[in-house]
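Scroll down for the structure; my scribbles are underneath it.
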Amino acid sequence: MRRIPHMTSSSTRRLPRVATALTAAALSGTLALTGCGGEPDKPAASSSPSPTPAPTVKSAAKLVHVQGKFPKSRHQAVATNVAKVVDRWLQAAYVGGDYPRETSTFTAKSFPGFSKVTIAQAGKQMTQMSNATIAPHIDGVEVVASDVHVDLLANNNYPVGAVARVRLVYDTTGDRASRQTVRGTLDMVPTKTSWAVFGFNITREEKLALDPSSAPSASPSPSGDKS
C-alpha cells in the first residue's frame with residue numbers, strides 16, 4: 001500500500017460565535033406526476049441502453065458522542081446535516097466530474113462548505129484533499145464505501161461545534177487503477193442554515209491494482225514428467 005504523506009492544518013482564527021441553532025429537522029418532499037384524463041400513452045420502446053448513472057457520495061451518518069446537553073431525538077438529524085456538508089466536499093474533490101482531466105481543474109470550488117481560510121489551506125494540500133494529482137491518469141471512479149461519524153459539542157440543547165470523522169473508499173480505473181482510501185477529521189461549526197468546515201486533518205492512501213502483465217505466470221510441467 002502506498003501511503004500519501006500525512007499532512008495536517010490548524011486554524012489560527014478563533015471560532016466564530018454561533019448566531020443561530022442548527023435546524024433539527026430536515027424537510028423533504030416528493031414530486032408527483034399526474035396525467036390529464038384518459039389512458040396514458042405508452043412510451044415507445046427504446047433500443048438504446050440506459051446511461052450509467054454518475055457516481056455519487058451518500059455517506060452513512062451516525063452521531064457517536066455528545067458533549068453537553070442535546071436532545072436524543074435530534075441526534076440523527078444533526079448527524080445527517082453534518083454528513084451532507086462532508087459529502088458535498090467528497091463529491092467535488094474526489095468522486096464527481098469527468099475523468100481524465102487536468103490537475104488545474106481542481107480549484108476553490110473543490111471545497112464547498114469550507115471557510116475562506118480553510119479553502120486556502122486545503123489548496124496547498126491538493127494531494128490529500130482531492131484527486132488533483134491523479135486526475136490526468138484515471139478515467140473513472142466508483143464509490144465502495146463512505147461513512148461519517150460525528151462527535152458533537154452542544155450547549156443548552158443547541159449544537160455549537162462538531163468533529164466529523166470521515167472515511168471514503170473508492171476505486172479508480174485507467175492508467176492508475178487503484179483502491180483509494182480517504183480518512184481523517186473535519187472540524188465544523190454550525191452556520192445559520194448549515195455547517196462550515198474550519199479545520200481538517202486528512203490523509204489519502206493508495207493501493208495500486210496489480211498489473212496482469214507483471215504477474216508471474218506458472219510454468220507448465222514438461223510433458224512426460226514422471227515422479
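The values are calculated or read from the model by the stated rules, or taken from the named source; none is laboratory data. The structure displayed is predicted, hence computed values, not measured ones. With ideal geometry, Cβ positions are generated from the backbone for all residues, glycine too; neighbour counts draw on all protein chains shown.
Quick check on segment 149-171. Is at least one of its residues farther than 30 Å from His65 by Cβ, over 11 Å from the mean Cα position of the chain (by Cα) and touching a residue at least 40 places away in the same chain (Cβ under 8 Å)? Write out each step before concluding.
Restricting attention to segment 149-171, the residues satisfying the condition of being farther than 30 Å from His65 by Cβ are 171.
When the remaining residues are screened for being over 11 Å from the mean Cα position of the chain (by Cα), the result is 171.
Then drop every residue that is not touching a residue at least 40 places away in the same chain (Cβ under 8 Å), which leaves none.
No: segment 149-171 contains no residue that is farther than 30 Å from His65 by Cβ, over 11 Å from the mean Cα position of the chain (by Cα) and touching a residue at least 40 places away in the same chain (Cβ under 8 Å).
The residues in segment 171-188 that are more than 16 Å from Thr203 (Cβ to Cβ) and basic (Lys, Arg) can be counted, and the count is 1. Of the residues making up segment 85-116, those that are of a type in the set (Gly, Ala, Ser) and surrounded by 15 or more Cβ atoms within 10 Å (Cβ to Cβ) are Ala92, Ala93, Gly96, Gly97, Ser110, Gly113, Ser115.
Name the residue that is surrounded by the most Cβ atoms within 10 Å (Cβ to Cβ), counting only residues in segment 158-181 that are of a type in the set (A, V, I, L, M, F, W, C) and assigned to a strand (DSSP E or B). Reasoning before the result, please.
First, the residues of segment 158-181 that are of a type in the set (A, V, I, L, M, F, W, C): 160, 162-164, 166, 168-169, 177.
If we keep only those that are assigned to a strand (DSSP E or B) too, we end up with 160, 162-164, 166, 168-169.
On the way: Val160: 19, Ala162: 24, Val163: 19, Ala164: 24, Val166: 23, Leu168: 27, Val169: 16.
Top of the filtered list is Leu168.
One residue stands out among those in segment 119-148 that are among the small types (Gly, Ala, Ser) and buried (at least 18 other Cβ atoms within 10 Å of the Cβ): the one that is farthest from Val169 (Cα to Cα), which is Ala122. For segment 206-225, check the following and say yes or no: at least one residue is of a type in the set (Ser, Thr, Tyr), part of a loop (DSSP other than H, G, I, E, B), at pLDDT 95 or above and more than 30 Å from Arg176 (Cα to Cα). No, segment 206-225 contains no residue that is of a type in the set (Ser, Thr, Tyr), part of a loop (DSSP other than H, G, I, E, B), at pLDDT 95 or above and more than 30 Å from Arg176 (Cα to Cα).
When segment 97-152 is filtered for residues that are touching a Lys or Arg at 6+ places or on another chain (Cβ under 6 Å) and not aliphatic (A, V, I, L, M), the ones remaining, listed by number, are Pro112, Gly113, Gln128, His137, Asp147, His149. The set of residues in segment 150-195 being touching a helix residue (DSSP H, G or I) at 6+ places or on another chain (Cβ under 9 Å) and of a type in the set (S, T, N, Q) consists of Asn157, Thr172, Gln180, Ser194.
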